[in-house]
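K.L.:
There's a structure below that I have some questions on.
Each value in this text was obtained by applying a stated rule to the coordinates, not by laboratory testing. Everything numeric in this text was worked out from a predicted model, so none of it was measured. Heads up, the Cβs are rebuilt from the backbone with ideal geometry, glycines too, and the neighbour counts pull from every protein chain shown.
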Amino acid sequence: MPIANLPDRGVVEVAGDDRISFLQGLVSNDVALAAPGRAVWAALLTPQGKWQADFFIFAAPDRLLLDCARDAAPTIAAALSRFRLRAKVTLRDASPDFTVTAGWAAAPMPEAALAAPDPRLSEAGWRTLSVPSPSPPDGGRGRGEGGARSAMERSLTPDTTYDLHRLALALPDGAPDLEPGKTTLLEAGFDELNGISWTKGCYMGQELTARTKYRGLLKKRLFPVAVEGPLPPPGTPITREGAEAGEMRSGRDGFGLASLRIESVEAGGTFRCADAVLTPRIAPWMRLPARETA
């Protein structure tokens, strides 16, 4: 029953009467779908349509809470603040106020106001935001934003276990899997993983995202790889049969993600990265672009 505390995750608070409409025009997914028991995964893009950050949006009664990379929380709050203008919203890095937890496999989702299934894949499990327990925890099962934390503390596994879980599912985890100002959402699987709304209307970076999808411009993807040999650091070049094929991204204990040319993966062969041999695979949820036949 794996449940993991994720200390590298933080929280950005978006409060105020205009919080939904404000965020709606900036991120890739439909913010209005966030509700108790339902989180939304979305990305903030550059005006040119390249990834800046991604987060899970949780809806509390009077605010939205963005579960994001902890070291990126101040940057996300500052970036969003630049678009505030006359909108009735306030933004702040609320990371010290919350603990982010994930559970999967047979772990039951807690009955907390800010718990929701991971919106990317059912196999990914669930996530929750809770107020850290005072020390020592008393084992109580209070409700509300922080009520589930103490009930789970004795069941926690290391966050490295969660890292292996998401790598096995080929789920990206921000940088270094994604490159700020370079990665497109379709390269990173946001379409198949429910990170894009194609119907909600305009948002920053929408034009490139739509053009890449409808014109079939995708040339590379983030693929799961098995790593035989020393784990290469992110950014290490990958070759196939001596030709450039892509770059390594994150990895752990023989599992990894790599940005690879689609045609290289489809062609097969031997992939080398520093002193390691990589074996790419196509995750069950991935949809590769259709190829024209002669």
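K.L.:
Mind giving me the nanometre distance, one decimal, between the label points for Trp285 and Ala226, set 7 Å out from Cα along Cα→Cβ?
P.N.:
2.2 nm
K.L.:
Still on this structure, please answer the following. Hey, got the Cα dimensions of the chain along the principal axes, in Å, largest first?
P.N.:
Cα spread of the chain along its principal axes, largest to smallest: 59, 45, 29 Å.
K.L.:
When we measure straight from the Cα of Lys182, which lysines land under 23 angstrom away, once same-chain ones fewer than 8 places off are left out?
P.N.:
Counting by Cα, and skipping residues close in sequence, Lys182 has these lysines nearby: Lys50, Lys213, Lys219, Lys220.
K.L.:
Next up: Give me the distance in nm between label points sitting 7 Å out from Cα along the Cα-to-Cβ direction at Arg215 and Glu266, one decimal.
P.N.:
1.9 nm
K.L.:
HN-Hα J couplings of the range 57-66 from phi, Karplus 6.51/-1.76/1.60, θ = phi - 60°, integer Hz, Gly and Pro as x?
P.N.:
Going residue by residue, I get 9, 10, 9, 9, x, 10, 6, 9, 10, 9 Hz, with x marking Gly and Pro.
K.L.:
Which one of Ser197, Leu186, Pro280 is farthest out on the positive end of the charge dipole of the range 171-294, using unit charges on Cβ (Lys, Arg +1; Asp, Glu -1) and the Cα centre as origin?
P.N.:
Of Ser197, Leu186, Pro280, it is Ser197.
K.L.:
Right, here's the next one. Would you mind estimating how fast the range 1-121 diffuses translationally, via Stokes-Einstein at 37 °C and 0.692 mPa s with the Kirkwood radius over Cα pairs, in µm²/s?
P.N.:
Stokes-Einstein gives a translational diffusion coefficient of 223 µm²/s.
K.L.:
Between the alpha-carbon centers of the range 92-112 and the range 241-280, tell me the distance in whole angstrom.
P.N.:
33 Å
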